[in-house]
Each structure stands twice: as C-alpha cells, then as structure tokens.
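The values are calculated or read from the model by the stated rules, or taken from the named source; none is laboratory data. No experiment lies behind these values; they were computed from the predicted model shown. Cβ coordinates were reconstructed from backbone atoms using ideal geometry, including for glycine residues, and neighbour counts include every protein chain displayed.
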Amino acid sequence: MNYTQVAEYIQGWLTKYCERAGLNGFIVGISGGIDSALTSTLCALTGKEVLLVSMPIRQTRKELDRAQHHMKQLEARFDNVRAIEVDLTAIFEQFEQTMPENTSSDFLSMANARSRLRMTTLYAIGQSNGLLVAGTGNKVEDFGIGFFTKYGDGGVDLSPIADLNKTEVFAVARELGVIQEILDAKPTDGLWDDERTDEDHIGASYPELEWAMEFKGDESSLTEREREVLEIYRSYNRVNQHKMNPIPVCIIPDNLKG
C-alpha cells in the first residue's frame, strides 16, 4: 500500500463530501489516540475549517496530555485548525448521580454513556458551526468486532478511515507526521477510570484481530493461540451485529396496508 497516495485519496474524498454537503468543514473529537489523530490530520489537509475538541471525563493525565500535544501540533501546522477543550466531567457526574442505582453502578452502561455524551457535544458544536462530525473508527472496530458505542463514537456524519485496519492507520499516521507519543501509545477507548488498553479489554491485539478478520484457511492446523483469537473475534462479531448492520425495520405486508 502506498500510504501517501491513500492519504491523498482520503483527503480528496473528504473535500468533495464537504463541498457537496455545502458545509464549512469538520469537527473531530480528540482522545489522544491514533485514530482521532489521523482523522483530524486528514481533515486538516483538506484546507477546510477543522475544529478539534477534547472532551475529558475523568481522563487519565497521559491521555489528556497526548490529546493536548496533538492539538497544539496540528494548530501550529495548519492555519485552518483550531482547538478547544470542553470538560464534561461535572455533567457526566450529575448524570451518573441522577440515574437509578442499578444503572449508575453498571460500569459498561456508564462507560457507553460517556461516549454518547461526547457525541451529543460534537453534534451541538458542529451544527452551530456548520461542521460535519468526522468519525474516527477503523475497519477492525467498525466492521470486524463492533468495538464502538452505538450512538456514541459510532454516531458520525462520515467515516474517513473505516476502510483502514489498525496497522494501516498507524502507517498512514506515521507518514503524515502524527506526533511520536501518540504513535507509541497503546490503543485505548478512554471510557474507563483505569488505564486499561483495548488489548486488555478485548483479549487480543489488533494485528491478531486483523488476521482473524481475514482468516479463511484450515482451522485444523491452527495453534492454540490462533484458535483462541479466532474465537474472540467471532464472539465479538456475532454479538455486535446490531451495531454493524442497519436498524431492523418491520416491513408491513401489502395485503395488510390495503
């Protein structure tokens, strides 16, 4: 893969989409991770208006620092980029306190609520500025294991890097000059109060998941670890189909409409 040409193609695709939509540019939520760093850089390269938004909710210092360092670097590189921080911690904690006890104590429900609060924030700011919400999901997350929050980080206007797997995301980001501390950081969704990585959460690395996503061979020759990874991938893919497929619509038969 020619990573420079891939970046140029995505840049052109973003530019055309924005112009057809008749909007000013893009808004991107910045987490301090590789996906949002690459997405925001690609958006910046279009020359359109780009608003970077850091939305900490009890974020670790490392994540917040990486996000801030990336935003400062991108602002310095591109005149069309500006960055803001919207601290959502107090709003989230009020929401958390308002929820029934069995909901507020459900760690996964509240982790997903963080993502949905950020989505709401991006759309509110984006709409008031004529900006498209640019998604940051990659191919493995969006179409392999469904590792995103429905109506959270999955709620976007367009997905510029969703046809790149994670290793390709890193390669294109390196080509475009994303800062080294983000290239070196272990991927994390940033939805938990601890420092768990995506690999800790999923049980497999992204290269392993990419292998599983493409695997079509003879399972009898697999190692024990390969079998384990394949089962992890298939399990996530199976239970998260509701995220990756269109919303089911109950189609009423014509004979009942007449």
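Scan the stretch 150-179 residue by residue and report those that are closer than 27 Å to F107 by Cα and surrounded by fewer than 21 Cβ atoms within 10 Å (Cβ to Cβ). Listed by number, the residues that qualify are K150, Y151, G152, G154, G155.
If you go through the stretch 102-114 one residue at a time, do you hit one that is under 26 Å from G22 (Cα atoms) and either surrounded by fewer than 18 Cβ atoms within 10 Å (Cβ to Cβ) or of a type in the set (S, T, N, Q) (or both)? No, the stretch 102-114 contains no residue that is under 26 Å from G22 (Cα atoms) and either surrounded by fewer than 18 Cβ atoms within 10 Å (Cβ to Cβ) or of a type in the set (S, T, N, Q) (or both).
If you go through the stretch 37-89, how many residues are in a strand (DSSP E or B), surrounded by fewer than 16 Cβ atoms within 10 Å (Cβ to Cβ) and of a type in the set (G, A, S)? Explain how you work it out, then say what you get.
Of all residues in the stretch 37-89, those in a strand (DSSP E or B) come to 49-54, 81-85.
Adding the requirement that they be surrounded by fewer than 16 Cβ atoms within 10 Å (Cβ to Cβ) leaves 82, 84-85.
Filter once more, keeping what is of a type in the set (G, A, S): none.
Residues flagged as in a strand (DSSP E or B), surrounded by fewer than 16 Cβ atoms within 10 Å (Cβ to Cβ) and of a type in the set (G, A, S) within the stretch 37-89 amount to 0.
Being over 21 Å from L131 (Cα atoms) and either touching a Gly at 6+ places or on another chain (Cβ under 6 Å) or modelled with pLDDT of 95 or more (or both): is that true of F26 here? Don't jump to the end; show me each part of the working.
Values: over 21 Å from L131 (Cα atoms): no; either touching a Gly at 6+ places or on another chain (Cβ under 6 Å) or modelled with pLDDT of 95 or more (or both): yes.
So F26 does not fit the description; no.
Close Cβ contacts (under 7 Å, 6 or more residues apart or on different chains) running from residues in the stretch 80-103 that are more than 20 Å from A44 (Cα to Cα) to residues that are in a loop (DSSP other than H, G, I, E, B) and charged (D, E, K, R) comprise T89/R58. When residues in the stretch 120-135 are screened for being farther than 12 Å from V53 by Cβ and either buried (at least 19 other Cβ atoms within 10 Å of the Cβ) or in contact with a Ser or Thr (Cβ under 6 Å, 6 or more places away or on another chain) (or both), 2 of them pass.
Every residue, every condition in (1) out of contact with any strand residue (DSSP E or B) (no Cβ under 8 Å at 6 or more places or on another chain); (2) farther than 29 Å from D184 by Cβ; (3) hydroxyl-bearing (S, T, Y); (4) at pLDDT 95 or above, yes or no:
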site: K72; (1), (2), (3), (4): no, no, no, yes
site: I84; (1), (2), (3), (4): no, no, no, yes
site: F95; (1), (2), (3), (4): yes, yes, no, yes
site: L108; (1), (2), (3), (4): yes, no, no, no
site: S115; (1), (2), (3), (4): yes, no, yes, yes
site: G126; (1), (2), (3), (4): no, yes, no, yes
site: G137; (1), (2), (3), (4): yes, no, no, yes
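Taking the criterion of being under 24 Å from F170 (Cα atoms) and touching a residue at least 24 places away in the same chain (Cβ under 8 Å), the residues of the stretch 225-253 that qualify are V229, I232, Y233, Y236, N237, M244. Restricted to the stretch 90-101, and to residues there that are outside any loop (DSSP other than H, G, I, E, B) and of a type in the set (A, V, I, L, M, F, W, C), the residue that is surrounded by the most Cβ atoms within 10 Å (Cβ to Cβ) is F92.
May I ask you to list the residues in the stretch 13-36 that are surrounded by fewer than 20 Cβ atoms within 10 Å (Cβ to Cβ) and assigned to a helix (DSSP H, G or I)?
Scanning the stretch 13-36 gives W13, T15, K16, Y17, E19, R20, A21.
Restricting attention to the stretch 180-223 and to residues that are farther than 16 Å from K139 by Cα and of a type in the set (A, V, I, L, M), the residue that is surrounded by the fewest Cβ atoms within 10 Å (Cβ to Cβ) turns out to be L183. Would you point out which residue out of S109, S115, S159 is touching a Ser or Thr at 6+ places or on another chain (Cβ under 7 Å), touching a residue at least 24 places away in the same chain (Cβ under 8 Å) and hydroxyl-bearing (S, T, Y)? S115 is the lone residue from the list that is touching a Ser or Thr at 6+ places or on another chain (Cβ under 7 Å), touching a residue at least 24 places away in the same chain (Cβ under 8 Å) and hydroxyl-bearing (S, T, Y). Taking first residues from the stretch 50-70 that are within 20 Å of L183 (Cβ to Cβ) and partners that are modelled with pLDDT under 95 and aliphatic (A, V, I, L, M), the Cβ contacts under 7 Å between residues at least 6 apart in sequence or on separate chains come to R66/A185.
Scanning the stretch 163-198 for residues that are within 14 Å of G33 (Cα to Cα), of a type outside the set (A, V, I, L, M, F, W, C) and under 17 Å from the mean Cα position of the chain (by Cα) turns up K166, T167, K186, P187, T188, D189, G190, R196, T197, D198.
Exactly one residue out of L42, L88, L52, L64 is closer than 24 Å to D163 by Cα, of a type in the set (A, V, I, L, M) and touching a Ser or Thr at 6+ places or on another chain (Cβ under 9 Å), and it is L52. Of everything listed in (1) out of contact with any Ser or Thr (no Cβ under 7 Å at 6 or more places or on another chain); (2) in contact (Cβ under 8 Å) with a residue 40 or more places away in the chain, the single unmet condition for L222 is (2).
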